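Accompanying notes for the structure given below.
The values are calculated or read from the model by the stated rules, or taken from the named source; none is laboratory data. Here the structure is a predicted model, which is why all the values come from computation and not from measurement. Here the Cβ positions follow ideal geometry from the backbone for every residue, glycine too, while neighbour counts run over all protein chains shown. Ligands, DNA and RNA are excluded from the accessible area calculation, which covers all protein heavy atoms including side chains. Shrake-Rupley method; radii C 1.70, N 1.55, O 1.52, S 1.80 Å.
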Amino acid sequence: MTLQGHHLVLGVTGGIAAYKSCDLVRRLIERGASVQVVMTESACRFVGTASFTALSGRPAMTDPWSGANNGMPHIDLSREASGILIAPATADFMARMVNGQTNDLLSSLCLASDRPIWVAPAMNRQMWSHPATQANVALLRERGVGIWGPGNGEQACGETGDGRMLEPLEIIAHLEAALQSIERPSTPPLRGLLSKRRVVITAGPTFEPIDPVRGITNRSSGQMGYAIAQACAQAGAEVTLVSGPVSLPTPMGVNRLDVTTALEMQAAVDQALSSCGPSDVFIGVAAVADWRPIATRQDKIKKETGGSLASLEWIESPDILAGVGARPPSQRPFTVGFAAEIGQLSGMGEALQAKRKRKSADVLVGNIATESLQKSSAELMICGPDDTTPWPRRDKAVQAANLVIEIARRLQEAESN
Ligand code: C5P
């Protein structure tokens with residue numbers, strides 16, 4: 001996860017090497033970066049926006065006149081980015097950069113940005129060695145633009161020479177070196193990732209009363225669930241947070257329903273999910289008390305009069321997450337669970353996968369209870385149907401933002417299949 005926490009704008013311009021940029025996006029995401037692809041019109045003749053959208057989990061942008069981002073995408077898009085990488089960069093695009101032309105979204109973005117810009121040129125060898133191109137490259141270098149490549153070898157046009165775009169892994173090596181001196185943004189940008197989706201989240205513990213003064217509960221501060229609710233709201237979702245007893249403020253833009261017991265939590269979740277379907281999301285983060293007394297005593301159980309907790313009878317609480325996972329497909333949201341375990345996360349992959357399947361969750365997030373309880377950071381293990389990925393310890397707000405990006409990506413992937 002060498003690029004974890006970095007957000008990049010990837011500009012794709014019109015050359016045959018654009019197909020390699022699909023692989024580049026995959027590899028950037030694999031390394032933990034979030035990527036916003038911006039394409040020129042001629043790039044779209046080589047590769048469709050749908051490929052980049054599916055691979056990056058964010059709609060690839062081409063239109064400077066789109067209503068998104070307050071109608072000013074050329075200003076907004078690079079604000080949160082660690083830098084702008086243009087791969088492939090055509091001779092024409094570099095010439096436009098040199099002249100400060102702004103006749104499409106990507107060129108406007110380059111002119112309106114104060115972020116570092118790196119280009120990976122790709123063109124026919126004659127075009128590369130032409131004095132016009134060489135003069136442009138020299139000027140860009142002088143202005144601080146990183147020029148990576150081109151490589152030498154066989155070209156799509158059948159000629160051999162300088163002009164091949166560097167391979168994705170070579171570009172990533174340059175990027176990793178360039179980013180060493182650039183601070184990661186504290187949380188990755190989320191704007192619009194979950195727009196038009198409803199998200200229902202459970203958080204905190206439940207409390208099962210035994211008598212008027214006693215009860216059984218699980219230890220949970222609610223911090224992780226609240227951080228996720230906040231991140232989902234920032235990503236544009238309509239968020240319902242079903243919360244057990246915690247002492248945390250309600251995140252901005254979140255609809256909060258307070259509950260005490262597991263049964264109340266289940267009823268609130270059912271109500272909140274009543275009209276949800278496959279494009280919505282359920283995230284069960286709550287530490288639900290697995291057992292409750294069969295009956296709550298109305299009077300206080302007193303030792304003095306021979307009362308004892310030992311004679312209490314217990315019944316298992318419903319598994320809320322498993323219930324959501326087992327809904328019929330048309331009413332089943334994308335389902336994410338959490339599992340607080342004890343021990344070491346490494347080596348726990350199989351057990352977590354088994355739990356994910358048992359609960360019919362799309363994603364199960366493992367964490368170590370003793371290592372994350374009451375702490376503001378957490379180490380996680382993300383388990384999907386085909387993957388088990390450790391996420392090193394980070395602030396819970398950062399983990400929450402990364403989880404939202406992950407969920408948005410998986411949802412989009414599921415919807416494009
Ligand atoms: O089985 P375990 O408690 O480890 O599973 C944890 C996951 O299941 C969490 O997502 C938790 O919110 C959910 N869960 C639930 N209802 C229960 C017990 C756990 O939704 N009764």
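What to note about this one:
- Within the shell of other residues whose beta carbon sits under 15 angstrom from the beta carbon of residue 307, the net charge comes to +1, with Lys and Arg scored +1 and Asp and Glu -1.
- Charged-residue dipole, Cβ positions (Lys, Arg, Asp, Glu), the chain about Cα centre, Debye nearest 20: 480 debye
- If you bin all the Cα-Cα distances of segment 198-416 at 10 Å, starting from zero, the percentages per bin are 8, 33, 36, 16, 6, 1, 0.
- Carbon and sulfur %, accessible surface of the chain computed with the full protein complex present, 1.4 Å: 50 percent
- Peptide packing: for 26-36, 86-96, the average count of neighbouring Cβ atoms within 10 Å per residue gives the ranking 86-96, 26-36, highest mean first.
- Local electrostatic count, residue 344, Cβ distance below 11 Å [Lys/Arg +1, Asp/Glu -1]: -3
- Solvent-accessible ranking of 216, 117, largest area first, probe 1.4 Å: 216, 117
- Of all DSSP bridge pairs formed entirely within the chain, close to 35 percent run antiparallel.
- Stokes-Einstein D in µm²/s, Kirkwood radius over Cα pairs - segment 289-399 at 4 °C with 1.567 mPa s viscosity: 78 µm²/s
- Here segment 7-179 was treated as a single set of alpha-carbon atoms; its pair distances binned every 5 Å from 0 give 1, 9, 19, 24, 23, 15, 7, 2, 0, 0 percent.
- Computed log10 I(q)/I(0) for segment 99-148 at 0.13, 0.18, 0.20 Å⁻¹: -0.34, -0.64, -0.79, from the Debye equation with unit scatterers placed on every C-alpha and solvent omitted.
- The chain, accessible area per residue, ligands and nucleic acids excluded (1.4 Å, Å²): 45 Å²
- Label separation (residue 101 vs residue 183): 3.8 nm, computed from points 7 Å beyond Cα along the C-beta direction.
- Take the convex hull of the alpha carbons in segment 109-235; its mean projected area over all directions comes to 14.1 nm².
- GluC sites (Glu not before Pro) within segment 208-317: DSSP coil, no more than 13 neighbouring Cβ in 10 Å: 313
- Shape parameters for the chain, alpha-carbon atoms, Rg then Dmax in Å: 25.7, 100
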